[in-house]
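Visitor: Mind looking over this structure? Questions follow.
The values are calculated or read from the model by the stated rules, or taken from the named source; none is laboratory data. What you see is a predicted model, and the numbers here were worked out from it, not measured in a lab. Note: ideal-geometry Cβ built from the backbone for every residue, glycine included; neighbour counts use all protein chains shown. Ligands, DNA and RNA are stripped out before the accessible areas are found, and what is left, the full protein with its side chains, is counted by its heavy atoms. Shrake-Rupley method; radii C 1.70, N 1.55, O 1.52, S 1.80 Å.
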Amino acid sequence: MMKSAGIEENLLAILDSASDSKHTPDANDDRLAFLEAVRSACIVNENPPTGKMCEAVFQILRVGKSLELITESFRLLNELDKRFPHVYLSEKEASESSHLIVVEGGWSPFLFNLESASRERGAGCRSISGPLDSLGFLQLMQELGEVANEGNLQALEIKSLRNMLVFQYLINALEGDFLPRNRVYEETMNWTHLRESLLNLLLSTRKINYKGLMKDCLTIMCGLFDVSAGISEDLESPDNAAAKLSHNDNTASALALFELGSNACFALQKLLIMIMDLDMSRKKADMQGSTTRADGVRTPLMEIILDEITYDTDMLSPFLKVFNEPKWKLEIILQYFSKYTTRLSTRTRRSNGPTEDATTFSGVLNCFSNVTSTRSITKKISADVVQVLLAHAFQAHLSLSCQQDADGIAASKDEGRSSSLAEICENIISAFSNLRRTDAKMEILPIGKEALFTAATILSTETGAQV
């Protein structure tokens, strides 16, 4: 362990002349020197950092006004958390269950954990540089929303870049705390591990509107995706980029915003996935009677997402473009279809084999196996929406198949697997054909054409392999 008292004192002394409000060149040099000293003491010499040292690095990330300061402090925080995690699984024998290790007194960028609950009632949320409470997290989300709504290169500020890095670090911290806890819960079914997770504490607080926060996450994720896509187009077009960047002296910030915007979208996706995983574990705990009234009641995120993309069709396509985790993406689409196709899936099944309902991709495709059932569905869902859903579901299905092959789950290219993939491709082509038969004037969307081309290519490859 670190001879903490002396080393901490020496390192923090570097910041004596660099208060949060002081941003002179000398003060910034002191901050950079401090970050390098912490990296040397903790990462290079493998000494665990103290809570005060971590908080000082976090403060630099929250108040830094140069790209170098915020990126270096962000990188250092993630390196420290990876090298010295506060929650982790102990090494185990093959026959043993995982054991959760929670470091006593470990530093956290949040104030809403159990040990800090009383501090959350104080002035924590008003600090501009310290750990965040639930209201501070909500304010950060609102500021990210402003970035997503602004959407142009001329409005770039270091604050926008800083907020995206702060958010990414917070999500990394939530993930580092949640994943080992959820793994142990799956093995032990001890709900206490997840009840005390930072993610559950954030979502359970009464200081924020949970549904509103989740809707904001979806809106911001789609907005940041559009901003990043727009910047990418501008930077790929030299003439257009030159015209826009001529009004902005900080081209590096524009490039950084593109990368940070994409990374922030990914961080939002990670947050959504963690919440849906938590909802699944919470459902199991409810069924086992492990939860209490103190755990409260929360609408599953899946329901919120489905409501948003069902009643706001303008969000459907952007959401499915940016949300690319195949397992949950496919599940969301299947749940969407299940509202309209559950009965149809059994009616259209004409073989003697097992009945597949709309909870499987094959079952959904079966609902589009003839013109009659396809027309019935398009009376409830527009043909364009059906195209988007089928195309993205097909993409997710293929991604899952590739992942399974890579993980060795279905590595053998046996006849059953090959036929299943061929059948899926045939059914995709059939579904789009039946959509066209219901409306001869319907145009196949670009994403639909991409799906059809992919299906036809796979079928051609399968046929060639069999010859």
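Visitor: May I ask you to list the GluC sites (Glu not before Pro) in the stretch 426-461 that are in a DSSP loop and have at most 13 other Cβ atoms within 10 Å of their Cβ? Walk me through the numbers before you get to the answer.
Guide: Details: sites: Glu426, Glu443, Glu450; in loops: Glu443.
Those that pass, being in a loop and sparsely packed, are Glu443.
Visitor: Protein chains only, probe 1.4 Å: how do Asp16, Asp307, Asp81 rank by accessible area, largest first?
Guide: On the way: Asp16 125, Asp307 75, Asp81 40 Å².
In descending accessible area the options line up as Asp16, Asp307, Asp81.
Visitor: Using 25 Å as the Cα-Cα cut-off, could you pick out the over-long pairs in Lys284/Lys380; Lys379/Lys441; Lys82/Lys211; Lys65/Lys321; Lys82/Lys321?
Guide: On the way: Lys284/Lys380 33 Å; Lys379/Lys441 16 Å; Lys82/Lys211 31 Å; Lys65/Lys321 33 Å; Lys82/Lys321 30 Å.
Pairs exceeding 25 Å: Lys284/Lys380; Lys82/Lys211; Lys65/Lys321; Lys82/Lys321.
Visitor: Something else about it: Run the 1.4 Å probe and let me know the accessible area of Lys321, rounded to the nearest 10 Å².
Guide: 120 Å²
Visitor: Could you tally the net charge around Leu80, taking each other residue with its Cβ under 12 Å from the Cβ of Leu80, Lys/Arg +1 and Asp/Glu -1? Kindly include the intermediate steps, with their values, before the conclusion.
Guide: Details: positive: Arg39, Arg75, Lys82, Arg83; negative: Glu46, Glu55, Glu79, Asp81.
Combined, the nearby Lys, Arg, Asp and Glu give 0.
Visitor: Near the amide H of Phe110, under 5 Å away, which other amide H atoms are found, from residues 5 or more places off or on another chain, if H is placed in the peptide plane?
Guide: Leu132
Visitor: Mind ranking Tyr210, Tyr311 by accessible surface for me, highest first, 1.4 Å probe? Numbers along the way, then the final one.
Guide: On the way: Tyr210 25, Tyr311 180 Å².
The ranking, largest first, comes out as Tyr311, Tyr210.
Visitor: Summing +1 for each Lys or Arg and -1 for each Asp or Glu, what net charge is found among the other residues whose Cβ lies under 14 Å from the Cβ of Asp295? Don't skip to the answer; put the middle values down first.
Guide: On the way: positive: Arg195, Arg206, Arg282, Lys283, Lys284, Arg293, Arg298; negative: Glu196, Asp279, Asp286.
Residues close to Asp295 contribute a combined charge of +4.
Visitor: Between Lys379 and Asp16, what is the label-point separation in nm under the 7 Å Cα-to-beta-carbon projection?
Guide: 8.1 nm
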